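Engineer: Here it is: the structure, laid out below.
The values are calculated or read from the model by the stated rules, or taken from the named source; none is laboratory data. Worth saying up front: this structure is predicted, and the values here are computed from it rather than measured. Reconstructed Cβ throughout: ideal geometry from the backbone, glycine too, with neighbour counts over all protein chains shown. Accessible surface areas use protein heavy atoms only, side chains included; no ligands, DNA or RNA. Shrake-Rupley method; radii C 1.70, N 1.55, O 1.52, S 1.80 Å.
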Amino acid sequence: GGDDAGVSLKPALEFNLGKWEVLDEKGEIAIIALGKMVQTAVKVREKLALSAVKARVINGCFIKPLDKDMIKTLADKNITIVILSHVREFVNYLSHVCVFFERRLYELKSYILGSILLIMFRKKYQA
C-alpha cells in the first residue's frame with residue numbers, strides 16, 4: 001500500500017484471508033504496518049540497518065481478521081513487535097488483541113507519536 005515514489009514494493013504473490021504478508025523475515029524487531037505505513041516501515045528498516053539493527057517488515061494487510069498467529073509467533077520468539085498505523089479502526093480492534101496478549105504473560109507498551117500508534121509486545125521473562 002501507498003504511493004511513495006521513493007519506496008518500491010513487490011506485488012503480493014499470494015492472497016490468504018487473515019494472513020499478513022511478510023516482506024522481510026530477518027531481524028530482532030518486527031515492524032507491522034498497514035496501508036501507506038508499509039512504505040514508512042521499509043524506510044525505518046533501512047535507517048535502522050545503518051545502525052546495524054535488523055528489522056523485519058510485515059504488511060498487516062488485514063484489520064479483521066487480525067493475524068493473531070503471526071503476533072503470537074513473533075512474541076514467543078521474543079521479537080519486539082512495533083505496529084505502525086494511521087487507521088483508527090485498526091487501533092480500536094488492536095486494543096482487544098492487546099488485552100488478549102497482556103493476559104497471556106506478554107509485556108505491552110504503547111505510544112502515540114503524532115498520528116502514529118506504536119505498540120510493542122514482548123513475552124515476559126519466565127524463570
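Engineer: When only residues in the range 49-64 that are within 15 Å of the chain's Cα centre (by Cα) and more than 15 Å from Ser85 (Cα to Cα) count, which is least open to solvent (accessible area, probe 1.4 Å)?
Structural biologist: That would be Ala55.
Engineer: Does the range 72-92 hold any residues that are open to solvent by 60 Å² or more (accessible area, probe 1.4 Å) and modelled with pLDDT under 70, and which are they?
Structural biologist: Residues satisfying the conditions are Arg88, Glu89, Asn92.
Engineer: Do you know which residues across the range 16-37 are closer than 11 Å to Arg56 by Cβ and either surrounded by fewer than 18 Cβ atoms within 10 Å (Cβ to Cβ) or among the polar types (S, T, N, Q) (or both)?
Structural biologist: Val22, Asp24, Glu25, Lys26, Gly27, Glu28
Engineer: Same structure again: Just the residues that are modelled with pLDDT under 80 and either of a type outside the set (A, V, I, L, M, F, W, C) or farther than 20 Å from Tyr106 by Cα (or both), please, taken from the range 49-67.
Structural biologist: Matches in the range 49-67: Phe62, Ile63, Lys64, Pro65.
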